[in-house]
1. Per-residue HN-Hα couplings for the range 57-63, Karplus 6.51 cos²θ - 1.76 cosθ + 1.60 at θ = phi - 60°, whole Hz, x for Gly and Pro?
2. Determine the calculated [θ] at 222 nm for the chain from helices alone, applying -39500 (n - 2.57) to every DSSP H run no shorter than 4 residues and normalising by the residue count; nearest 500 deg cm²/dmol.
3. Take the alpha carbon atoms of the range 51-91, find their center, do the same for the range 145-214, and report the distance between the two centers in whole angstrom.
4. Set the bar at 23 Å for Cα to Cα. Now go through K34/K95; K68/K120; K34/K92; K68/K92 and name every pair that lies beyond it.
5. So what J values fall out for the range 180-191 if you push phi through Karplus, 6.51 cos²θ - 1.76 cosθ + 1.60 with θ = phi - 60°, rounded to Hz, Gly and Pro as x?
6. Under 5 Å between amide hydrogens, which residues at least 5 positions from R2 or on another chain qualify, with H placed 1.01 Å from N in the peptide plane?
7. What's the ranking of 176-186, 133-143 by average number of surrounding C-beta atoms within 10 Å, highest first?
8. Report the net charge of residues surrounding I181, where surrounding means a beta-carbon distance below 13 angstrom and charges are Lys +1, Arg +1, Asp -1, Glu -1.
Amino acid sequence: MRIFIDTANLDMIREINSWGILDGVTTNPSLIAKEGTDTRTRVREIAEIVDVPISAEAMSLEADGMIKEGRELAALHPNINVKLPMCISALKASKVLSGEGIDVNMTLIFSPQQALLAAKAGARYVSPFVGRLDDIGLYGTEILGQIVNVFSNYGFETEVIAASIRNPTHVLDAASMGCDIATIPYNVLQQMVSHPKTDEGIQNFIKDYEKSKK
Ligand code: E4P
């Protein structure tokens, strides 16, 4: 499974890239706003740091506007793909943009039916939001398996990005269900590294090493 980081923070991107595990970056308007910048400036800056796919979200709600914005965002850098929020306009825009060779990441996916339509409209990626489904009392990770299954039944090339990841268990579920990618916040990536038995083991090895030197 490929690992993307879900952030617009440059230091976090640099740090995770230095771990040697980074396959991509996803941003959204809220993440960009948190950094006090704008999408175009920030995705250009990200593209200077890492050579991986970077999602940049279009803000129009009309198909024509999405197509125009999508072309502009994709023209900023060859690694940029265009995030469109799932709706009828986005399906129309996805068909046009993907026909021009521009990768679309259909975002705010909350059902396998939406994912199926996005795939048919040529989206390169779909982003089902796991945590936000959990927030309303549903089992968010359930749709990951459903979407992977639907895509595999029909040989769709659209890739599944498990999104709105809130904890390491979500990552495990995404990997177990065969998601192509998980886009993971910085704090969850850190949690994935840690294990109390690893920490304990390191401390014990250091103690024993010190003893054996005497
Ligand atoms: C996906 O690309 C989104 O940026 C993200 O995963 C949303 O996560 P949230 O529900 O934690 O805001």
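1. Using θ = phi - 60°, the values come out as 8, 7, 9, 5, 10, 9, 4 Hz.
2. Using -39500 (n - 2.57) per qualifying helix, the result is -16000 deg cm²/dmol.
3. 29 Å
4. The pairs that break the limit, which is 23 Å between Cα atoms, are K34/K95; K34/K92.
5. 6, 8, 10, 9, 10, x, 3, 5, 6, 4, 5, 4
6. So R2 has HN proximity to I181, A182.
7. Output ranking for 176-186, 133-143: 176-186, 133-143.
8. Surrounding charge for I181 is -3.
Computed from the coordinates by the stated procedures, all read-outs in this text should not be read as laboratory data. If you're wondering where the values come from, they're calculated on a predicted model, not measured in any experiment. Cβ coordinates were reconstructed from backbone atoms using ideal geometry, including for glycine residues, and neighbour counts include every protein chain displayed.
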